[in-house]
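Some notes on the structure that comes next.
Only the coordinates and a few stated rules stand behind these numbers; no lab work does. Owing to the predicted nature of the structure, the values given are computational and were not obtained by experimental measurement. Neighbour counts run over all protein chains shown; Cβ positions are idealised from the backbone, glycine included.
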Amino acid sequence: MNNKNSMVTKLAFLSVSFMVTSAYAIQGSLPQLKAALGISQPQSEYLVTTPSFAVMIFVVLSPLLQQWFNISDKKIIMAGVTIVGIAGLVPMFVDNYTVILISRLFLGAGYGLYNSQAISLISVWYQGETRAQMLGWRAAAEQIGQACTLAVAGLLLNYAG
C-alpha cells in the first residue's frame, strides 16, 4: 500500500468494512438453527447478539492491545480478519450450540479488532475531500456488505434449508 491514492489501496480500506456487518446474516436462519440445534428461541437470538457485545469490548481493547504489545495497524487488522475467517467457519463443522456461541463471540472479537482501525486509518491516510469521500464510501461498503451477505444467506436458506 505504497500509493495511498491508488485504487488498490482504496479498495483495501473499503474491503475491510465490507464484511463488518456480516454477523447479522444469520437472522433469517434462526428458526432452522433453533430446530437443528434443539435450542430455545432466546438461545437462538443470542447467536445474533453475542458478536455485538464482543465488538463493543474489542473496539475499546484494540488500541490498548496495539499499545501494550506494540502491534502495527496492519497486523491488528490482519489478526482481526484471521479471527473472523476462522470463527466464521466453525459453525460449518460443528452442531454444538455452545461451540457455535463461542465462535460467534470470537467472530465479534475479530470484528472489534479491526472495525475501529477501518475508520481511523482512513482519517490518518487521507485529508480533506478525499477523507470525506473515503469515509462515505466506507459507510456504503458496510451497507453493501450487509446486503450481499443477507442475499447470500437467503439463497443458501432457499436452496439448502
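Explain nothing, just the number: dipole magnitude of the chain about its Cα centre with +1 on each Lys and Arg Cβ and -1 on each Asp and Glu Cβ, in debye rounded to the nearest 20.
Taking the Cα centre of the chain as origin, the dipole is about 300 debye.
In degrees between 0 and 90, to the nearest 10, how far off the longest principal axis of the chain does helix 7-18 point, with axes built from Cα atoms?
That helix lies at roughly 30 degrees to the long axis.
What 222 nm value per residue comes from the helices of the chain, counting each DSSP H run with n ≥ 4 as -39,500 (n - 2.57) and dividing by all residues, nearest 500 deg cm²/dmol?
One gets -28500 deg cm²/dmol as the mean residue ellipticity at 222 nm.
Quick one: angle between helix 128-160 and the longest Cα principal axis of the chain, in degrees between 0 and 90, rounded to 10, please.
Once rounded, one gets 20 degrees.
Report, to the nearest 10°, how far helix 73-93 tilts away from the longest principal axis of the Cα atoms in the chain, using its own Cα long axis and a range of 0 to 90°.
10 degrees
Would you list the P(r) distribution for the range 20-92, with all Cα-Cα distances sorted into 10 Å bins from 0 and each bin expressed as a whole %?
Calculated over all Cα pairs of the range 20-92, the distribution is 16, 42, 26, 13, 2 percent.
Which ³J(HN,Hα) values, rounded to whole Hz and listed in residue order, are derived for the range 47-53 from phi using the Karplus coefficients 6.51, -1.76 and 1.60 in 6.51 cos²θ - 1.76 cosθ + 1.60 with θ = phi - 60°, glycine and proline given as x?
Karplus-based 3J(HN,Hα) across the range 47-53 equals 5, 7, 7, 4, x, 5, 5 Hz.
Give the residues of the range 47-63 whose amide nitrogen is closer than 19 Å to a point set 7 Å from the Cα of VAL94 in the direction of its Cβ.
47-55
Could you give the length gained by full extension between LEU101 and ILE86, i.e. 0.36 nm per residue of separation minus their alpha carbon distance, to one decimal place? Walk me through the numbers on the way to the answer.
Values: separation 15, 0.36 × 15 = 5.40 nm, distance 1.37 nm.
Computed gain between LEU101 and ILE86 is 4.0 nm.
So what are the three principal axis dimensions of the chain from its Cα atoms, in whole Å, longest to shortest?
52, 36, 22
Please work out the FRET efficiency for the pair PHE53 and ALA160, using the Cβ-Cβ distance as r and a Förster radius of 22 Å; give the result to the nearest 0.05.
FRET efficiency, PHE53 to ALA160: 0.15.
Counting Lys and Arg as +1 and Asp and Glu as -1, what is the net charge of the other residues whose Cβ lies under 12 Å from the Cβ of ALA118?
-1
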